[in-house]
Amino acid sequence: MLLQEYLCETHQYATPEQWGSVRDSLPQEWVQQALLATGVSTLRKRRLPMEQVLWLVLGIALLRDRSILHVADALEVALPTSGEGISSSALSQARQRLGCEPLQWL
């Protein structure tokens, strides 16, 4: 079964509290390989490194009845800082930088 089919099947049962199970089920090495194979990497230190953005997009797929900001907060994908929270525009820009290739690779 493809990842897309799993995401569609699990959407009806997905909650932010169950995210740990999802994260444990998808090997971190696959995420790294997807980013390396598609040439997507974080060159400078960002609050949202590409691996975190990939997890965010997977979270959005599972929790698609919630806003991107809610998903990012619930899944704690942004690296902590002493400043304000992350904006929805920053999340959208990060998604655009990621592109679709790493997700297709997965």
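Computed over protein heavy atoms with a 1.4 angstrom probe, the accessible surface ordering of TRP30, TRP19, largest first, is TRP30, TRP19. How charged is the neighbourhood of VAL31? Take every other residue with its Cβ under 14 Å from the Cβ of VAL31, and add Lys/Arg as +1 and Asp/Glu as -1. Value of the local net charge: -3.
Taking all protein chains together and a 1.4 Å probe, the residues GLU17, GLU5, GLU29, GLU51 rank GLU17, GLU29, GLU5, GLU51 from largest to smallest accessible area. Neighbours of LEU56, meaning other residues whose beta-carbon lies under 14 angstrom from its beta-carbon, give a summed charge of +4 when Lys and Arg score +1 and Asp and Glu score -1.
Rg and Dmax of the range 59-106, both derived from C-alpha coordinates alone, stand at 11.6, 35 Å.
The values are calculated or read from the model by the stated rules, or taken from the named source; none is laboratory data. As the structure is a prediction and not an experimental result, all values here were calculated from the model. With ideal geometry, Cβ positions are generated from the backbone for all residues, glycine too; neighbour counts draw on all protein chains shown. To get the accessible areas, we keep the full protein, side chains included, count just its heavy atoms, and leave off ligands, DNA and RNA. Shrake-Rupley method; radii C 1.70, N 1.55, O 1.52, S 1.80 Å.
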